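Student: This is the structure I have questions about; it appears just below.
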Amino acid sequence: MTVQPLDLDEKMAHPADDAAAAPVVARKSVKATRAMIDRYTWYEYLAIYAGIAVFLFFVLAPFIEGFMVSLKPLSRLFSTPYSFWPENGSLTAYFTMWESVPGFWRYIVNSLFISTAATVIVLIMVVPAAYAFARFPFPGRGPLLAAFLAVNMFSGAVLLIPLFRLMRQLGFLNTYWAMIVPGAAFLIPSAIWLLRTYMMRIPRELDEAAWVDGASRFYTLRRVILPIAMPGISVVAITTFIGAYAQQFIFALTFNSKTEFMPLPIGLFAYFGRQEVVWNELMAASFVGITPVLILIVFLQRYLVAGLTAGAVKT
Amino acid sequence: MTGSRSASLFAFALLTPALLYILGIVAYPLVDTINLSFTNAALKPAYDWVGWANYEKIFKANFSEVIIRTVVWTFFSVSIKMIIGTFGAVLLNAAVPGRALFRILTMPPWVVPMAIGIFMWGWMYNGQFGMISGLLQNFGIVDGPVAWLAYGNTAFWATIVTDVWIGVPLVTIYLLAAMQSIPRDLYEAAWTDGAGRFYRFRRITMPMIIPAMVTMSLLSLIATFNSFDIIWILTRGGPSGSTTTMIIDTYKTAIGSYKYGEGAARAVMICLFLSVFCLAYFRVVGKINTGERA
């Protein structure tokens, strides 16, 4: 699913300004009211936790099951009746998979490389464009921004035929470029939207002061705006990277047939498509492959959520 | 410094790289798709203009069936995503201990490489050894193994469930953000006046998140209509075409059997649908941004 254009979280730009403003006494009573509102009865707690448990079970079931499978020996896996818990569970699959999926390291490195390259391209395109949209009231700004956002409505699948011909003409077929170049294009719109929103919050006076001091426009962008916008640029970089890592499939499936360039999802898909799938190893490999992202979200979830979802009610 | 001609020129200069990139990788292929849809292009380099022949051909074949299937598939997937996502957002918005952790735990399906999540579903749907069939048998709900992906009907729903699973985190977190940006004063005032929890939800939360729900439904509609990976990995459009949506159909025609012209005609039909959704999106977002309620 494409990550859609949303605004940066208010909280990022204006940390905790609502609490600081009120005088101490008033804040205390507000706090008391809040505490009372947030008080639940025991059956409300029960209902909420039960609901959350069901919801999270749906969200996490495939991961839990996948992890259980990765621990089961193959003989236990293909046995009936079904048992959820791995009997004689072991981490064997995590060691044997390196041999049975020969290119595994290569796939992970390819995935990281393709995502990184796409992120770099996106940033090079997006930083100046977002600044232009945020600052300059040039003619046609609205329609042009809308046109960029409209890119989000096409997936790569719709444009696959001409893209295939284009990649062939450029000589990109069966190279990393065939996966990087089209992938990056579909990440640009959301990144522009996100960064533009961030840059609009940078006080205009800063540009004007630099202008009065005789700095050129380009110098102002490089020396005044870029350093201040760094937190926003980092958020855009992270979300773009995760988007690029999550969506590697169709271009890699269609434009590249060389094993040594395959990203992780395609590498594992080839393995998945075989007659006899060694499921415990496939699941073990999947877990190793997603670990980098899982670690990332634990540390960066605040920025991810801020970057991707806030501003739902921006009026 | 603003408003001058040199400022506009500078802005265009800044936009040029991104603009050229999108023109080359998205706009040109789009025009080329329309162009190809009127030709009999295939593997061989030379091809001829054939007018509307491709369109006549696909509608004489089973294309209307594919359109209906796609619309039904998309409708159920988006509706279920919105329902589960709204429930999830309400639950995660409750001020209970542990909610920060619950919010993190919602995210994996969305950030993990899609294909890998789908592999795990592929195993869960396995009839002999998979979790769903296994648990249902253990609880005595079904008698024998059910191979979910082997029959048209169950495969259709199985792919919807997986699509819902991938889409739910974004809907949930988006609506949660919308709920959290509702001013607390509203709730406090209502609470002071003696309004109960459900009354506050119905009269404050719901009206305030409706614009976000409309926006999210449309974004979700566009993404779901374009859904390729899930169906391709789980069923490749089968069994016997029962999960062949317009995207899968286009891919099979163009990449599977090298009928570029015919495939392009099918892609153009997808674009027509998408432009309608897209226009709706811009209308709604425009309305929200100018302050009207959608």
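Just so you know, all these numbers are worked out from the coordinates, no wet-lab data involved. All figures in this text were calculated on a predicted structure; none of them were measured in a lab. Don't worry about glycine lacking a Cβ; one is built from the backbone with ideal geometry, like all the others, and counts go over all protein chains shown.
Student: Can you give the calculated 222 nm mean residue ellipticity of chain B, where each DSSP H run of n ≥ 4 adds -39,500 (n - 2.57) and the sum is split over every residue, rounded to the nearest 500 deg cm²/dmol?
Tutor: Using -39500 (n - 2.57) per qualifying helix, the result is -22000 deg cm²/dmol.
Student: Does the range B:145-204 classify as rounded, prolate or oblate by the C-alpha gyration tensor (a ≥ b ≥ c root eigenvalues; a/c under 1.5 gives rounded; else a/b over b/c gives prolate, otherwise oblate)?
Tutor: Here the range B:145-204 falls in the prolate category.
Student: Any idea how far the Cα center of the range B:95-128 sits from the one of the range B:1-80, in Å?
Tutor: Centre-to-centre (Cα) distance: 33 Å.
Student: Between B:PHE76, B:TYR187, B:VAL168, whose Cα lies farthest towards the positive end of the dipole of chain B when Lys and Arg beta carbons carry +1 and Asp and Glu beta carbons carry -1, centred on the Cα centre?
Tutor: In chain B, that residue is B:TYR187.
Student: Next up: Using only the alpha carbons, work out the radius of gyration and Dmax of the protein assembly as shown in angstrom.
Tutor: When restricted to Cα atoms, the protein assembly as shown yields Rg and Dmax of 25.4, 81 Å.
Student: So what's the range B:189-294 giving for Rg/Rh, alpha carbon basis, Kirkwood Rh from the mean inverse pair distance?
Tutor: Details: Rg = 20.8 Å, Rh = 16.9 Å.
Looking at the range B:189-294, the ratio lands at 1.23.
Student: A further question follows. Work out the charge dipole of the protein assembly as shown with +1 on the Cβ of Lys and Arg and -1 on the Cβ of Asp and Glu about the Cα centre, then indicate which of B:TYR47, B:TYR251, A:LEU187 is farthest towards its positive end.
Tutor: It is A:LEU187.
Student: Can you run phi through the Karplus equation (6.51, -1.76, 1.60; θ = phi - 60°) for the range A:237-252 and list ³J(HN,Hα) in whole Hz, with x for Gly and Pro?
Tutor: Computed from phi, the couplings for the range A:237-252 are 4, 5, 5, 5, 4, 5, x, 5, 6, 6, 9, 6, 8, 5, 5, 5 Hz.
Student: Still on this structure, please answer the following. Relative to the Cα centre, what is the charge dipole magnitude of chain B, using +1 at the beta carbon of each Lys and Arg, -1 at the beta carbon of each Asp and Glu, and rounding to the nearest 20 debye? Mind dumping the intermediate values first?
Tutor: Values: 20 positive and 13 negative charges, 89 e Å.
So the dipole magnitude of chain B works out to roughly 420 debye.
Student: Here's a follow-up. Which cross-chain or sequence-distant (5 or more) residues have an amide H under 5 Å from the amide H of B:THR39, H modelled 1.01 Å from N in plane?
Tutor: Long-range HN contacts for B:THR39: B:VAL50.
Student: Translational diffusion coefficient of the range A:99-309 at 20 °C, 1.002 mPa s, Stokes-Einstein with Kirkwood Rh over Cα pairs, in µm²/s as a whole number.
Tutor: Values: Rh = 19.1 Å.
D = 112 µm²/s.
Student: Can you compute 3J(HN,Hα) from phi for each residue in the range B:61-69, using the Karplus curve 6.51 cos²θ - 1.76 cosθ + 1.60 with θ = phi - 60°, rounded to whole Hz and x for Gly and Pro?
Tutor: 6, 8, 5, 4, 4, 4, 4, 4, 4
Student: Kindly flag which residue pairs out of B:LYS57/B:LYS259; B:LYS44/B:LYS259; B:LYS81/B:LYS252; B:LYS57/B:LYS252 have an alpha-carbon separation exceeding 18 Å in this structure.
Tutor: Numbers: B:LYS57/B:LYS259 12 Å; B:LYS44/B:LYS259 10 Å; B:LYS81/B:LYS252 27 Å; B:LYS57/B:LYS252 16 Å.
The answer is B:LYS81/B:LYS252.
Student: For a bin width of 10 Å, list the pair-distance distribution of chain B built from all Cα-Cα distances, rounded to whole %.
Tutor: Taking all Cα pairs of chain B, the binned fractions are 6, 19, 25, 24, 17, 7, 2, 0 percent.
Student: What ³J(HN,Hα) values, in whole Hz, does the Karplus curve 6.51 cos²θ - 1.76 cosθ + 1.60 give for the range B:151-167 when θ = phi - 60°, with x put for Gly and Pro?
Tutor: 10, x, 4, 6, 5, 4, 6, 4, 5, 4, 4, 5, 5, 4, 4, 6, x
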